[in-house]
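Report on the following structure.
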């Protein structure tokens, strides 16, 4: 079961076997054995996977961490929410929209929904929007 969940995490992160095994300092052959359930990664290798964003709690227990999502999954979720709430009229749903832009707009939308009086002004050097006033 660990092997199946490890494979799911590899696919969630969009990595091939060579790149995924390299995250743990292992060879592709070791990953194949892990995914087949023949052997398992060591604690050190699991720690290296965790550092790279792998949900090792899920790999070991089958219980997902709620905060363990890839940047693409977060971007898709935020974009979907904003489109459904009609808050994203000025921002296109193109794949090349910077993550920080969508995230900043999501924060703006949440604050707006909470009743804060926020208006867009100029962007600072970090591509974040400033609150006027």
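Bear in mind these aren't lab numbers, they're just calculated from the coordinates by the rules spelled out. All of these numbers come straight from a predicted model, not from anything done at the bench. Here Cβ is always computed from backbone atoms with ideal geometry, including for glycine, and neighbour counts include all displayed protein chains.
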Exercise. Would you calculate the separation in nanometres between label points at residue 63 and residue 33, each defined as 7 Å from the Cα along the Cα-to-beta-carbon direction?
Key: 3.1 nm
Quiz item: Is segment 2-61 best put as rounded, prolate or oblate by its Cα gyration tensor, with a ≥ b ≥ c the root eigenvalues, rounded for a/c under 1.5, and otherwise prolate when a/b is larger than b/c, oblate when not?
Solution: rounded
